[in-house]
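So the structure is just underneath, and the comments pick up after that.
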Amino acid sequence: MDNQPAAQPEASRNPWVRFGPWLMILLGLLFVGFIRIRLLEVPLERDEGEYAYAGQLILQGIPPYELAYNMKLPGTYFAYAAGMAVFGQTISGIHLMLLAVNSLTTIFVFLLGRKLFGTAAGVVAGLTYAIMSVSPAVYGLATHATHFVVLFAVPATLLLWRACEANERRFFFFSGLLYGLAFLMKQPGICFGLFGAAVLLGQVVRNRSVCTRDTGARFLVFGTGMAMPFTFICLAAFIAGDFQRFWFWTFTYAGVYAAATPLAIGGRELLRHLQHTAPVSWGLWSLALAGLPFAWSKLSCRKPAIFLLVFFGFSFLGTASGLYFRWHYFVLMLPAFALLLGQSYAGLRAWWRGRRLAAGVPLLFAAICLWTVYFQRWFLFQMSPVQISQTIYQNNPFVESVTMAQYIRAHSSGDARVAVVGSEPEIYFYAHRHSATGYIYTYPLDESQPYAAKMQREMMSEIESNQPEYLVLVMYKFSWLLQSSSDPVVFHWVDWYAREFYEPVGAADLKPTGEIVYFWGDDARHFHDPLGQFIIIYKRKPAPEAVPGDTTQPAVRSSSRSVFNRNWPQAASMSWPFSRRNVAITFCFSSAARNFS
């Protein structure tokens with residue numbers, strides 16, 4: 001790169017020129033902030049529940065992977081812990097944290113766009129990111145790990161550009177440090193660190209300075225900064241005595257999980273996502289692609305344009321990790337997409353200015369943004385938090401989990417243990433109770449992977465050893481994601497274990513119409529819905545008084561009729577009913593539940 005920046009912010013004594021761009025960004029943040037504040041109480045989904053529960057444990061002095069097993073790196077757990085320490089351990093507190101994180105990222109996108117392509121491009125990039133990052137098309141209302149990844153990756157990229165301009169090692173170090181933190185938030189964040197390394201390598205090749213001391217120092221400083229966060233976490237896990245479990249879940253099992261999806265299936269998932277989100281983003285994509293030839297025609301913008309193109313490519317690699325293409329993964333691409341749009345906007349504006357039509361480009365951008373917001377008006381301005389959850393996450397028990405956890409918290413002591421048999425860790429967070437098993441997700445137990453049988457045995461052993469006061473059985477399709485090859489042993493075990501040692505005290509039944517019906521006390525004891533989707537709360541029976549000399553063994557596992565007598569692999573492929581609330585909403589987001597994990 002040249003030692004001069006590609007584009008400098010316009011300097012002027014005119015207050016509007018100096019402060020107008022910041023005012024535009026502020027207005028965009030206030031607009032998105034209004035939406036987020038209105039929807040602060042949207043129930044947590046299961047990924048949020050996992051992070052919130054792990055963060056809650058950290059605030060209690062319990063390290064990651066001791067009571068909660070998962071394949072994600074623990075950076076987001078610590079971020080949640082810090083956020084909840086400031087905003088509170090509540091649904092609204094977690095979403096206020098997202099508001100702060102999203103606002104900071106928007107500002108960083110603006111600064112990066114301004115540095116690369118000028119002030120106008122920066123404003124467009126910042127506003128685009130703010131609008132798209134709140135969209136249900138990327139599950140923008142949920143505090144996912146991807147939001148924290150880009151929170152660190154975008155300023156790291158800004159520092160990287162400045163480092164290459166000024167050749168200052170401190171910028172290389174802090175850029176690498178921020179990329180390392182992005183990786184710590186979630187494994188796909190490593191793609192941004194690889195982008196940084198690729199930029200340094202490209203600069204070395206272009207300058208033909210492969211074997212110089214300065215080149216070695218750059219890579220050493222950048223690599224040291226990038227390695228520091230992960231090294232610290234490894235040392236912390238080793239000191240806490242959980243390193244073996246940490247490494248198994250985040251690398252051994254995560255590697256198996258990431259390699260499970262064939263390329264053909266991944267391609268279909270990508271096309272499906274593009275198809276269902278096209279009504280939201282087609283205008284922005286059209287403007288971005290239309291302006292690229294004009295942006296690339298300026299020689300002064302070639303180097304930042306190439307820089308952005310490489311950044312876009314590595315952002316896509318992060319999104320494509322594992323080939324799952326779940327909707328919230330696309331948050332990783334939003335900064336690059338927003339910058340691409342800002343670049344195209346600047347190119348079109350320069351071309352139209354020469355033809356005295358410069359005002360047409362801002363008006364066109366404003367019209368596209370208004371259409372994007374208008375299309376999602378039901379979500380952003382009309383639906384209640386509960387309706388939002390039920391519409392986006394159809395056939396997922398996120399609304400029910402709040403009520404069920406409140407019951408457990410109200411009817412148990414603070415040191416009571418709870419076991420949730422299903423993938424709903426948000427119940428632990430709401431209830432403020434520790435899990436009786438580290439398996440806060442049951443997905444690994446059902447997957448076609450070599451550790452599934454061992455995981456099932458370990459989960460059953462942990463629950464039996466800890467004898468939780470409450471057992472919560474979640475029988476929702478998307479809480480299990482059963483496959484034809486899934487081993488049903490865990491269902492036979494929980495069938496016996498629940499009937500032998502527990503009694504039902506509460507149940508939530510999801511009706512085909514979308515209505516949720518709750519049962520408590522005697523009604524819960526008589527609840528039976530073998531083909532529906534439901535949650536049952538079991539309370540442990542009082543231990544029978546020991547009779548001297550009595551050596552009878554506990555009853556054997558019976559095969560009597562219960563809610564578990566169903567063909568599980570067949571049930572996994574059943575068509576599960578749900579209510580559709582709006583034609584336009586359904587057209588854009590009807591596959592949200594199928595892609596959700």
Fill in the blank from the handout: Out of Leu445, Leu177, Cys211 - ranked by how far each Cα lies towards the positive end of the dipole of the chain, with unit charges on the beta-carbon of charged residues - the top one is Cys211
Practice task
Compute the long axis of helix 398-410 from its Cα atoms, compare it with the longest principal axis of the Cα atoms of the chain, and write down the angle in degrees, 0 to 90, nearest 10.
Solution key: 50
Completion exercise
PRE zone check, label point 7 Å out along Cα-to-Cβ of Glu503, amide N under 18 Å, scope the range 509-523, hits 519-523
Exercise for the section: Highest first, please rank the peptides 370-377, 51-58, 127-134 by the mean number of other Cβ atoms sitting within 10 Å of their residues. Expected result: 127-134, 51-58, 370-377
Problem - Dipole magnitude of the range 319-466, debye to nearest 20 (Cβ charges: Lys/Arg +1, Asp/Glu -1, about Cα centre) - result: 1160
Practice task
Just grab the label-to-label distance for Ser297 and Met228, each label 7 Å out from Cα along the Cβ direction, in nm (one decimal).
Solution key: 4.6
Completion exercise
Subtracting the Cα-Cα distance of Leu274 and Gln483 from 0.36 nm times their residue separation yields 72.7 nm
Exercise for the section: Sort 111-123, 220-232, 429-441 for me by packing, meaning the mean count of neighbouring Cβ atoms within 10 Å per residue, highest on top. Expected result: 111-123, 429-441, 220-232
Problem - Potential lengthening between Ala240 and Ile37 on full extension [0.36 nm per residue; Cα-Cα distance subtracted] - result: 69.3 nm
Exercise for the section: Take the eigenvalues of the Cα gyration tensor for the range 15-382, scale each by 5, and report the square roots as semi-axes in whole Å, largest first. Expected result: 33, 27, 19
Practice task
Under 12 Å from the Cβ of Arg245, count the other residues' Cβ atoms, weight Lys and Arg +1, Asp and Glu -1, and hand me the total.
Solution key: -3
Exercise for the section: Report, in deg cm²/dmol and to the nearest 500, the calculated mean residue ellipticity at 222 nm for the chain, where each DSSP H run with n ≥ 4 adds -39500 (n - 2.57) and the sum is divided by the residue count. Expected result: -19000 deg cm²/dmol
Exercise for the section: Give me Arg409, Arg218, Arg417 ranked fewest to most by other Cβ atoms within 10 Å of their Cβ, as a rough exposure proxy. Expected result: Arg409, Arg417, Arg218
Exercise for the section: Specify the angular offset, from 0 to 90 degrees and rounded to the nearest 10, of the alpha carbon long axis of helix 91-117 from the longest principal axis of the alpha carbons in the chain. Expected result: 20
Fill in the blank from the handout: With label points set 7 Å from each Cα along the Cα-to-Cβ direction at Trp247 and Lys454, the distance between them in nm comes to 1.4
Exercise for the section: Please report how far the C-alpha centroid of the range 227-279 lies from that of the range 418-455, rounded to the nearest whole angstrom. Expected result: 17
Problem - the chain: angle of helix 119-133 to the longest principal axis, Cα-based, in degrees nearest 10 - result: 10
Handout entry: Positive-pole candidate from Ala120, Gln56, Leu141, dipole of the range 38-180, charges at beta carbon
Key = Ala120
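No lab work stands behind these numbers, since they all come straight from the coordinates. Bear in mind that the values here come from a model prediction, so they are computed numbers and not experimental data. Note that each Cβ is placed from the backbone with ideal geometry, even for glycine, and that neighbours are counted across all protein chains shown.
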